[in-house]
Amino acid sequence: MPATTMGDRVKSWVSANAEHATVRFFPDPDGIPVDAGEGYLRLWLVEGFLAKQKKWGKNYFPALHGGVTLTFLGSEDTSFTKFTKQAASPGAPGAFLNYPMTPLIPFAGGMVEFEAELYRVSTGSPLDTAVSLAGGLASLIGPPLSVAAAVAEKITTGINTVLDAQDERPVLAVHQAMTSPGGGGDPLRPGYLAIVNDLPTASRTALHVSDGRLHGADGQLTECDFLLLRIECREERDDWRFPKLERLRKRAVRAYHEDRKEDFDALRKLTIAEVFESDDLTEPDAYRVAAHLRKSFEKVIEFGFVTEPDDMGLDPIPAHLLPDRYEVAGLTLTQLLRA
């Protein structure tokens, strides 16, 4: 029998606790919906607080499981999730602050599901072991995303199996589904997603986010269990490191300096073409990176560098040297590959 999925657990918790759980999405007033293929998303845990945690005792600690499920690599249900302990010592009040739950992921369109669940974990339990193992593998859930997707799938399956075996139930859980603008559902856009447990009815209308923290009628919340997530959306990447492409580029440059012109041309074309195979880039950004790469090869041919300037490489690309999306509009792969 397949393990219960995170989505099923979250939806079950939300259904069972609908009467006393308050869920709100606060859209960024300056944010705009993200069109398919035109931007990226990332999920952050901004703040988590467990009012009753200080009564748990030293043998228990909170652990957060959450992330994003979306269309990726042709699949409709690829999940990028993390399972992690809070940084503070067990038994300390409060929880997590400003923790990235996912890497930056290109939005290809379709449905995106943001989910998080918070657990009360006993030290030395199988779930404690699962949290530690998953936390140790968290660094692998990053670029290149084609590799990260496979790792994330294995981690998610393993966590779901442990949670099923131990019959664990979350203390808090939240789910939000979004889609491409015009699809009839909530459009993907930046903002804050909050889940609050046992919030007095009179305070629900006063719930709001101020300075990145969740507030009620009497100021910052401290008497209720809650999670505050931030859905980040951006038009372009905030990092431009491509070590695999850089290795290919250096092979091409070496071939040029060794007067192996045919090898150089083949490697030059291969490196540029590889940009468009990257699952870490939207199409507009792929053209920007490919245009920068073509220019770096042109400099090698024109100036014959033996020791290259630092700004010619791809690990990282200096962001200020990248052409913007309007400069590469209309470019084709054929033009980029032309000698």
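The values are calculated or read from the model by the stated rules, or taken from the named source; none is laboratory data. Quick caveat, the model's predicted, so the values are computed rather than measured. Note that each Cβ is placed from the backbone with ideal geometry, even for glycine, and that neighbours are counted across all protein chains shown. Keep in mind that these areas ignore ligands, DNA and RNA; they rest on the heavy atoms of the full protein, side chains included. Shrake-Rupley method; radii C 1.70, N 1.55, O 1.52, S 1.80 Å.
For segment 1-35, the candidate set comprises residues that are more than 22 Å from PHE226 (Cβ to Cβ) and of a type in the set (S, T, N, Q); within that set, the residue that is surrounded by the most Cβ atoms within 10 Å (Cβ to Cβ) is THR5.
Quick check: anything in segment 260-269 over 25 Å from PRO143 (Cα atoms) and either touching a residue at least 40 places away in the same chain (Cβ under 8 Å) or β-branched (Val, Ile, Thr) (or both)?
Just the residues of segment 260-269 that are over 25 Å from PRO143 (Cα atoms), to begin with: 260-266.
When the remaining residues are screened for being either touching a residue at least 40 places away in the same chain (Cβ under 8 Å) or β-branched (Val, Ile, Thr) (or both), the result is 265.
Yes, segment 260-269 contains a residue that is over 25 Å from PRO143 (Cα atoms) and either touching a residue at least 40 places away in the same chain (Cβ under 8 Å) or β-branched (Val, Ile, Thr) (or both).
Among the residues of segment 248-279, write down those that are under 19 Å from VAL328 (Cα atoms) and not in a helix (DSSP H, G or I). Those that are under 19 Å from VAL328 (Cα atoms) and not in a helix (DSSP H, G or I): PHE276, GLU277, SER278.
So that you can scan it fast, the table gives a plain yes or no per residue for (1) in a helix (DSSP H, G or I); (2) farther than 26 Å from ASP238 by Cα; (3) in contact with a Leu (Cβ under 6 Å, 6 or more places away or on another chain):
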position	(1), (2), (3)
LEU281	no, no, no
VAL289	yes, no, no
ARG294	yes, no, yes
ILE301	yes, yes, no
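Each residue in segment 154-174 was checked for being over 14 Å from THR102 (Cβ atoms), touching a residue at least 24 places away in the same chain (Cβ under 8 Å) and outside any loop (DSSP other than H, G, I, E, B), and 13 pass.
Search segment 275-299 for residues being of a type in the set (Asp, Glu) and in contact with a helix residue (DSSP H, G or I) (Cβ under 6 Å, 6 or more places away or on another chain), and hand back the single one that is least open to solvent (accessible area, probe 1.4 Å).
Pass one, segment 275-299, residues of a type in the set (Asp, Glu): 277, 279-280, 283, 285, 298.
Now restrict to residues that are in contact with a helix residue (DSSP H, G or I) (Cβ under 6 Å, 6 or more places away or on another chain): 279-280.
Values: ASP279: 49, ASP280: 15 Å².
Restricting to residues being of a type in the set (Asp, Glu) and in contact with a helix residue (DSSP H, G or I) (Cβ under 6 Å, 6 or more places away or on another chain), the top hit is ASP280.
Has segment 303-324 got at least one residue that is surrounded by 14 or more Cβ atoms within 10 Å (Cβ to Cβ), closer than 28 Å to THR71 by Cα, touching a strand residue (DSSP E or B) at 6+ places or on another chain (Cβ under 6 Å) and not charged (D, E, K, R)? No, there is no match, as no residue in segment 303-324 is surrounded by 14 or more Cβ atoms within 10 Å (Cβ to Cβ), closer than 28 Å to THR71 by Cα, touching a strand residue (DSSP E or B) at 6+ places or on another chain (Cβ under 6 Å) and not charged (D, E, K, R). Only one of the numbered conditions (1) under 24 Å from LEU207 (Cα atoms); (2) at pLDDT 95 or above; (3) not basic (Lys, Arg) is not met by ALA21, and that is (2).
When residues in segment 205-242 are screened for being on the phi < 0 side of the Ramachandran plot, open to solvent by less than 60 Å² (accessible area, probe 1.4 Å) and not in a strand (DSSP E or B), 8 of them pass.
Given the options GLU258, GLU274, name the one that is touching a Leu at 6+ places or on another chain (Cβ under 7 Å) and among the acidic types (Asp, Glu). That would be GLU274, the only listed residue that is touching a Leu at 6+ places or on another chain (Cβ under 7 Å) and among the acidic types (Asp, Glu). Among the residues making up segment 175-204, a single one is free of Cβ contacts under 8 Å to residues at least 12 places away in the same chain, part of a loop (DSSP other than H, G, I, E, B) and under 15 Å from GLU223 (Cα atoms): PRO200. Against the conditions (1) within 21 Å of LEU97 (Cβ to Cβ); (2) in a strand (DSSP E or B), THR71 satisfies every one except (1).
Given the options ALA286, ALA252, ALA266, ALA329, name the one that is more than 25 Å from the chain's Cα centre (by Cα), under 29 Å from ASP30 (Cβ atoms) and small (Gly, Ala, Ser).
Working: ALA286 fails: more than 25 Å from the chain's Cα centre (by Cα); ALA252 fails: under 29 Å from ASP30 (Cβ atoms); ALA266 fails: under 29 Å from ASP30 (Cβ atoms).
Among ALA286, ALA252, ALA266, ALA329, only ALA329 is more than 25 Å from the chain's Cα centre (by Cα), under 29 Å from ASP30 (Cβ atoms) and small (Gly, Ala, Ser).
Quick test for you: out of LEU188, LEU193, pick the one residue that is open to solvent by less than 10 Å² (accessible area, probe 1.4 Å), over 22 Å from TRP13 (Cα atoms) and touching a Leu at 6+ places or on another chain (Cβ under 8 Å). From the options LEU188, LEU193, the qualifying one is LEU188. When MET178 is tested against (1) of a type in the set (A, V, I, L, M); (2) touching a helix residue (DSSP H, G or I) at 6+ places or on another chain (Cβ under 9 Å); (3) at pLDDT 85 or above, just one condition goes unmet, and that condition is (2).
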